[in-house]
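The values are calculated or read from the model by the stated rules, or taken from the named source; none is laboratory data. Every value quoted in this text rests on a predicted model; they were computed, and no experiment measured them. A quick note on method: Cβ atoms are made from the backbone with ideal geometry, for glycine too, and the neighbour counts reach across all protein chains shown. Accessible surface is based on the protein model in full, side chains and every heavy atom, while ligands, DNA and RNA are left aside. Shrake-Rupley method; radii C 1.70, N 1.55, O 1.52, S 1.80 Å.
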Amino acid sequence: MNSSSSSSSSPADRRLSILSRHLARTIDRDQGITISASPTSSVFADVLRAPEDPILGVTVAYNKDPSPVKLNLGVGAYRTEEGKPLVLSVVREAEKQLVNDCSRVKEYLPIVGLADFNKLSAKLILGADSPAILGNLVATVQCLSGTGSLRVGAEFLARHYYQHTIYIPNPTWGNHVKIFNLAGLTVKTYRYYDPLTRGLNIQGLLDDLGSAPSGAIVLLHACAHNPTGVDPTLEQWEQIRKMIRSKSLLPFFDSAYQGFASGSLEQDAQSVRMFAGDGGECFIAQSYAKNMGLYGERVGALSIVCRTADVATRVESQLKLVIRPMYSSPPIHGASIVSTILKDRNLYQQWTLELKVMAGRIITMRKHLFDALRARETPGDWNHIIKQIGMFTFTGLNTKQVAFMTREYHIYMTFDGRISMAGLSSRTVPHLADAIHAAVTTVV
Amino acid sequence: MAARIAITTRIKSSSSFLLGSRSMSSWWGNVNPAPKDPILGVTEAFLADPSPDKVNVGVGAYRDDNGKPVVLDCVREAERRVAGNLNMEYLPMGGSNKMVDETLKLAYGEDSDLIKDKRIAAIQALSGTGACRIFADFQKRFSPDSQIYIPAPTWSNHHNIWRDADVPQRTFHYYHPETKGLDFASLMDDVKNAPNGSFFLLHACAHNPTGVDPTVEQWKEISYQFKVKGHFAFFDMAYQGFASGDPERDAKSIRIFLEDGHLIGCSQSYAKNMGLYGQRVGCLSLVCEDEKQAVAVKSQLQQLARPMYSNPPVHGALIVSIILGDPDLKKLWLKEVKGMADRIIGMRTSLRENIEKLGSPLSWEHITNQIGMFCYSGMTPEQVDRLTKEFHIYMTRNGRISMAGVTSGNVEYLAKAIHEVTKAA
């Protein structure tokens, strides 16, 4: 099956002649003529080791620590009162159904993902009676959790939108900046968190959005702002909505905690529904990592609410062009689980109950920590612990204090003072309270 | 009364505001409908066809002799062990270490010194596509002036991947339409004429879409010339085990390059050889000078994954780890992979014989010469269109037939149709 060679010499002859030419060149090099790079030196020899990811690196450091009292309050993954990861019982149930269904195969999903999943996800965030859904105005594609949804949406904007600047709240989830930068968008910030009140700087927010160029993209956390836990009230959301629409800014929602913040799926979706219901366009990135505990399965969806059904169809076709050269099509397993749960009334009911339990436990932990600090008469106002919402508390501790707590108390958190309440239990709250107390009283 | 007026006024003004925003036009009004993906669009069209005779030899997904998708027994067993037992925590950014370790053994050899010396930077990737894309992004970031040489033809998505990574691309000669084999002389010319230190994409085995692979001798020559020129070899290995039935044999091209001391890059996929298509499981690896460099390179690969999807999906990786980590399951897998490869080889013989039986004036020996899932039939786009319109046979317009879609039930029909549209040629 050898292809015909036009040369009359044998492979061995050819190789000898190549070799002799190579040697000749080597001799040339000694006389100052450069030859080809040696293949045993890497083309990537100058690659420097990247710094650890500031969030995921916390777990890496935690895992290395041998102390028996260590506490991981870094990454936002829910833990039970026993400190264990939790797989929701609805998820177990759905998995069993899937495994026992021998007719199921592992074929490629379409580029846009599982159709059922997409429809159900849009309904979940927008509401089943949403005019946008009823009018076929929504293009939804399955993506790899929140990260993937944000990235695909950002890539689409970089290609098809005339404004390439996105305004993100200060502070925000650490990975947001990287996602938007790599997609080709310029990142600017708008004021959000007020360190003095440990609440929302609504005036600063409105002023900054008010002076943004017309059409700029605005990233909004749908609920349970990460890392601060500070959310606008409904009245403040209405002010924000008016400002955004009056300046023709484009809202891009990151919804990673629907159901997890208040315990109610409907309540946590109100901000998004306000915008989707006013006739304007918006982007929505959804994640099932936390609210269904599907973290590692990477399940999420990007929905783009458009003005017309025709536009939505064209937008979906262009989203495919972003996805295909990135990973061709999304992973099937997690989406199948979500779909199974969302379309079954009993499983859905069960899920809402499990969500309430998770959200409830976190709210309890907030109360416990607040009480523990009060009992120790730790200096400072700690009300923000019970006022903030969702998985995280922005403690207000500075980097020195954080480092102190890691060193002396083996408590792991991100350097911005954010702690994951989900990582706390009644058993470990005293240890954390001691650490905070020590940090605040000895380190400035 | 005043309150009522105030409220009414407020409602009026917000409605007019709403009306105002509704009368604006969409931001996306000038978004054009995108062309359908040439490969995946075929299956869409097939599904929409109501004809009972329809045959799908488009996308490269394996089918059994009844034309049904297959879930391997070893996979079912692994899934059984996984379901209900494990948590779904985030994997590290680089994915499952266990899965990556087992996967490297497949490509580099069980006893590879490179693995022992920890010289390979590797991450779990989103199947072959994801591995190629992360590599392309890495190439753009760390060799920003480089371009990629891609074989002509190649899997169409390769062009999309490197284009979206913003890496300029060129093609090198590969397929010889006259012989329906390898254009080895032109290939070697292109290798020699490329600037020193160029980046090349090579299909490790079972070239997609042509099914034409270099011989072992030819691979050795290519490797040698690469060494002379200091070229970088990036192998896309999507069909290990699927080509000859023997994973070790299918990795021969890579092993040749490794023996010659090349520091290669490699994309591996479990989509076909473990039938894990929709799970999106694969691996990207880069051979480095030493362990320290491998650590640095891996950390940079992770930096590219984090803003794309944070960390890879866990389920498929678990299945792979369980199968490859269990000697009995691994044996079962090897047996099942050979079974799939053998069925395809059998269908190649059958298709060729059936066409020849009909008295075709053309040569069809390329059907059995070519290897892997695809056969580059040599049919023109017009002939393919006729196959679709008149016979409800679906394939990509470059004449690529997915042999996995051929069964003893449809091979005669397929042969007849091919003969019909080509006999006048």
Fill in the blank from the handout: Whole-percent carbon and sulfur contribution to the accessible surface of chain B (1.4 Å, no ligands, DNA or RNA) stands at 53
Problem - Calculated over the protein assembly as shown: convex hull of Cα atoms, volume per residue (Å³) - result: 187
Completion exercise
Checked chain B with the C-alpha gyration tensor, a ≥ b ≥ c its square-rooted eigenvalues, rounded below a/c of 1.5, otherwise prolate if a/b is larger than b/c and oblate if not; verdict oblate
Handout entry: Computed FRET value (nearest 0.05) for B:Ala45 with B:Arg249, which takes r as the C-beta separation and R₀ as 41 Å
Key = 0.70
Exercise for the section: May I ask for the accessible area buried between chains B and A, both sides summed, probe 1.4 Å, to the nearest 100 Å²? Expected result: 8700
Practice task
With a probe of 1.4 Å, find how much accessible area chain B has per residue, and write the answer as a whole number in Å².
Solution key: 38
Practice task
Step through the table entries B:Lys116/B:Lys229; A:Lys64/A:Lys188; B:Lys118/B:Lys180; A:Lys84/B:Lys272, compare each Cα-Cα distance with 32 Å, and write down the pairs that go over it.
Solution key: A:Lys64/A:Lys188; B:Lys118/B:Lys180; A:Lys84/B:Lys272
Exercise for the section: Mind checking A:213-221 for the average number of partner chain beta-carbons within 10 Å of each residue's beta-carbon? Expected result: 0
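Would you mind giving the mean number of other chain beta-carbons within 10 Å of the Cβ of each residue in A:298-308, as a whole number?
The mean count of partner-chain Cβ atoms within 10 Å per residue comes to 3.
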Practice task
Using only the Cα atoms of the stretch A:79-204, each taken as one equal point scatterer with no solvent, compute I(q) by the Debye sum, divide by I(0), and report log10 of the ratio at q = 0.10, 0.11, 0.21, 0.23 Å⁻¹.
Solution key: -0.55, -0.66, -1.23, -1.24
Practice task
Report ³J(HN,Hα) in whole Hz for each residue of the stretch A:44-55, in order, from the Karplus equation J = 6.51 cos²θ - 1.76 cosθ + 1.60 where θ = phi - 60°; Gly and Pro get x.
Solution key: 10, 4, 8, 6, 8, 6, 6, x, 4, 4, x, 9
Practice task
Could you work out the local net charge near B:Gly41, counting Lys and Arg as +1, Asp and Glu as -1, over the other residues with Cβ closer than 12 Å to its Cβ?
Solution key: +2
Problem - Carbon plus sulfur fraction of accessible area for chain A, probe 1.4 Å, in percent - result: 55
Practice task
Report, in deg cm²/dmol and to the nearest 500, the calculated mean residue ellipticity at 222 nm for chain B, where each DSSP H run with n ≥ 4 adds -39500 (n - 2.57) and the sum is divided by the residue count.
Solution key: -15000 deg cm²/dmol
Fill in the blank from the handout: Measure of exposure for A:His333: accessible area at 1.4 Å probe, Å² rounded to 10, is 20
Handout entry: Tail weight of P(r) past 17 Å, computed on alpha-carbon pairs of the stretch B:296-371, percent
Key = 69
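Taking beta carbons within 10 Å but only from partner chains, what does the mean come to for residues B:28-38?
Details: counts 15, 6, 4, 12, 4, 7, 10, 3, 2, 7, 0.
Going residue by residue through B:28-38 and averaging, the value is 6.
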Handout entry: Residues of the stretch A:282-314 with amide N under 14 Å of a point placed 7 Å along Cα→Cβ from A:Leu134
Key = none
Practice task
Indicate, rounded to the nearest 5 percent, the antiparallel portion of the DSSP beta bridges found entirely in chain B.
Solution key: 50
Exercise for the section: Evaluate 2.2 N^0.38 Å with N set to the residue count of chain A, then give the Cα radius of gyration divided by it. Expected result: 1.19
Completion exercise
Ordered by number, the residues of the stretch A:107-131 with at least 50 Å² less accessible area in the assembly than alone (1.4 Å probe) are A:Glu107, A:Tyr108
Completion exercise
Eigenvalues of the alpha-carbon gyration tensor of the stretch A:300-382, times 5 and square-rooted, give semi-axes in Å, largest first, of 42, 20, 14
Completion exercise
With -39,500 (n - 2.57) per DSSP H segment of 4 or more residues and division by the full residue count of chain A, the 222 nm estimate, nearest 500 deg cm²/dmol, is -14500 deg cm²/dmol
Exercise for the section: Report the accessible area of A:Glu408, computed with a 1.4 Å probe over the heavy atoms of all protein chains in place, in Å² rounded to the nearest 10. Expected result: 100
Handout entry: Under the Debye formula (equal points on every Cα, no solvent term), log10 I(q)/I(0) of the stretch A:241-388 at q = 0.10, 0.16 Å⁻¹
Key = -0.51, -1.06
Practice task
Roll a 1.4 Å probe over the protein chains and send me the accessible area per residue for chain A in Å².
Solution key: 40
Completion exercise
A:Thr165 and B:Asn30 label points (each 7 Å along its Cα→Cβ direction) are spaced in nm at 2.0
Practice task
Among A:Arg273, A:Arg92, A:Arg198, determine the one that fluctuates most according to a GNM of chain A built with springs between C-alpha atoms less than 10 Å apart.
Solution key: A:Arg92
